[in-house]
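Visitor: One structure, pasted below without further comment.
The values are calculated or read from the model by the stated rules, or taken from the named source; none is laboratory data. This one's a predicted model, so the numbers in the text were calculated from it and none came from an experiment. Neighbour counts are summed over all protein chains in view; Cβ atoms, including those assigned to glycine, are modelled from backbone coordinates with ideal geometry. Ligands, DNA and RNA are excluded from the accessible area calculation, which covers all protein heavy atoms including side chains. Shrake-Rupley method; radii C 1.70, N 1.55, O 1.52, S 1.80 Å.
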Amino acid sequence: MFRLFNTRLPDTPYTKREIERIRANIAPLTGTPIAPFDEEAFRLFYKTGSRVEYEAIYFETRRRLCAYAALALWEDDRTWIAELERALSALLAEPTWALPAHVAGDAGEKARRETLDLFACESAEAIAEILSLLGERLDPALKEALHNALEERVARPYLTARRRWGKGNWSAVCAGCVAMVFMYEFPELLDDALPTLRRSLDDFLSSYNRDGCCLEGPLYWEYGFGFFTYAADMLRAFTGGKLDLFADPKVRAIASFGQDMFLDGRHVIPLADAPHTLAVHIGLMHRLNREYDLGGFPSDDACAFGRDVRFRFAPFIRD
């Protein structure tokens with residue numbers, strides 16, 4: 001099984017500061033019940049168009065997932081593993097990892113379960129990465145159930161449908177996450193899945209011009225290109241350098257866009273409906289700087305825990 005890193009979280013001033021932020025953020029939830037899947041809240045989107053009721057439940061579970069995984073990687077305290085196992089069990093109990101806006105209102109149980117939207121793919125990647133990083137400390141029955149869920153909800157549906165997501169961030173996020181799930185949990189199936197996954201990653205790259213400009217702004221760049229980077233990084237390591245997406249000059253141009261947009265501090269050039277400020281994912285920026293020697297970037301106000309209100313695991317753990 002591929003592993004992102006082989007040690008505990010690094011003992012650095014940055015990590016220590018973030019761990020204390022995580023402790024403070026998650027303290028009110030530790031030991032409290034996890035809200036179960038709420039069918040009425042899920043279906044409210046179809047009745048009123050409102051997303052917030054269901055998403056409040058959905059993302060609180062991902063908040064727990066990120067926090068307790070990080071704390072378990074920082075110190076040997078059984079409390080964090082127990083809380084992480086509760087969060088993982090809550091994900092298993094969700095009949096779908098997709099959000100209702102991306103699932104047809106009349107979808108049956110199987111179609112719901114197999115919907116590979118942004119959030120289903122991100123949830124699957126989080127589970128696969130946690131199994132890699134902490135699987136030796138998790139309950140064996142839970143590990144088996146999570147592996148089976150990844151097969152049932154991601155690997156098997158993807159190989160059956162060979163889903164494509166169009167020219168945009170969806171292709172980077174979804175295909176990138178699915179590729180990582182295969183590398184972590186189903187490496188023997190990667191060769192079968194990779195040609196279509198590569199086409200989806202190419203779909204993402206084709207949404208950019210040769211100059212690397214993201215017309216949706218720095219926040220959208222960080223999201224889509226971030227997941228492209230995480231997948232490309234793993235694919236190069238996993239294939240022993242045979243598949244090196246970073247060697248593409250267009251990828252190099254896209255990589256430069258993020259910090260080229262900074263004016264001062266957190267202020268960036270706004271494009272489309274993107275915000276005027278950006279707290280960077282420092283893990284992504286360091287990785288790109290190491291790859292392309294891009295120079296400095298604003299890091300004093302990086303994306304601290306809680307700023308990403310969707311609690312995406314891949315950028316979080318790399319930060």
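Visitor: Can you tell which of ALA120, ALA124, ALA111, ALA104 is more than 26 Å from PHE225 (Cα to Cα), part of a helix (DSSP H, G or I) and hydrophobic (A, V, I, L, M, F, W, C)?
Guide: Answer to the selection: ALA111.
Residues are listed down the side, and each one gets a yes or a no for (1) in contact (Cβ under 8 Å) with a residue 24 or more places away in the chain; (2) open to solvent by 10 Å² or more (accessible area, probe 1.4 Å); (3) more than 18 Å from LEU65 (Cα to Cα):
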site: ALA98; (1), (2), (3): no, no, no
site: GLU122; (1), (2), (3): yes, yes, no
site: LEU133; (1), (2), (3): yes, yes, no
site: ASN148; (1), (2), (3): no, yes, yes
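Visitor: Which of the residues spanning segment 1-20 are under 21 Å from the mean Cα position of the chain (by Cα), open to solvent by 90 Å² or more (accessible area, probe 1.4 Å) and modelled with pLDDT of 90 or more?
Guide: The answer is none; no residue qualifies.
Visitor: Okay, moving on. When only residues in segment 235-294 that are touching a residue at least 60 places away in the same chain (Cβ under 8 Å) and touching a Ser or Thr at 6+ places or on another chain (Cβ under 9 Å) count, which is surrounded by the fewest Cβ atoms within 10 Å (Cβ to Cβ)?
Guide: ILE282
Visitor: Name the pairs: first residue in segment 59-80 and of a type in the set (Asp, Glu), second residue buried (at least 23 other Cβ atoms within 10 Å of the Cβ) and modelled with pLDDT of 95 or more, Cβ to Cβ under 8 Å, at least 6 apart or on different chains?
Guide: Filtered contacts from segment 59-80: no entries.
Visitor: Now, a different point. Hey, which of the helices (runs of 4 or more DSSP H) in segment 214-294, taking only ones fully inside, have at least 1 residues that are over 24 Å from THR15 (Cα atoms), among the aromatic types (Phe, Trp, Tyr) and within 17 Å of the chain's Cα centre (by Cα)?
Guide: Once the helices (runs of 4 or more DSSP H) in segment 214-294 are filtered for at least 1 residues that are over 24 Å from THR15 (Cα atoms), among the aromatic types (Phe, Trp, Tyr) and within 17 Å of the chain's Cα centre (by Cα), what remains is 218-238.
Visitor: Scan segment 150-192 for residues that are more than 21 Å from ALA237 (Cα to Cα), open to solvent by 30 Å² or more (accessible area, probe 1.4 Å) and in a helix (DSSP H, G or I) and jot them down.
Guide: GLU151, GLU152, ARG156, LEU159, THR160, ALA161, TRP170
Visitor: Further question: Is segment 39-52 home to any residue that is more than 26 Å from MET234 (Cα to Cα) and in contact with a Pro (Cβ under 6 Å, 6 or more places away or on another chain)?
Guide: yes
Visitor: Which one of these is modelled with pLDDT of 95 or more, open to solvent by less than 40 Å² (accessible area, probe 1.4 Å) and on the phi < 0 side of the Ramachandran plot: PHE225, PHE305, PHE311, PHE297?
Guide: It is PHE225.
Visitor: Restricting attention to segment 101-115, does a residue exist that is within 23 Å of PHE316 (Cα to Cα), among the aliphatic types (A, V, I, L, M) and at pLDDT 95 or above?
Guide: No, segment 101-115 contains no residue that is within 23 Å of PHE316 (Cα to Cα), among the aliphatic types (A, V, I, L, M) and at pLDDT 95 or above.
Visitor: Test of understanding: among GLU152, GLU136, GLU75, which residue is of a type in the set (Asp, Glu) and closer than 24 Å to ASP191 by Cα?
Guide: GLU152 is the lone residue from the list that is of a type in the set (Asp, Glu) and closer than 24 Å to ASP191 by Cα.
Visitor: Quick check, is PRO95 modelled with pLDDT under 95, over 19 Å from PHE313 (Cα atoms) and of a type outside the set (Val, Ile, Thr)?
Guide: No.
Visitor: Please work out which residue is least open to solvent (accessible area, probe 1.4 Å), limiting yourself to segment 24-47 and to residues that are more than 21 Å from GLU109 (Cβ to Cβ), touching a helix residue (DSSP H, G or I) at 6+ places or on another chain (Cβ under 7 Å) and part of a helix (DSSP H, G or I).
Guide: ILE26
Visitor: Starting from segment 180-198, take each residue that is farther than 12 Å from LEU131 by Cα and aromatic (Phe, Trp, Tyr) and list its partners that are open to solvent by less than 10 Å² (accessible area, probe 1.4 Å) and assigned to a helix (DSSP H, G or I), counting only C-beta distances under 7 angstrom and pairs at least six apart or across chains.
Guide: Partner pairs satisfying both residue conditions: PHE182/ALA155; PHE182/LEU190; PHE182/ALA193; PHE186/ALA155.
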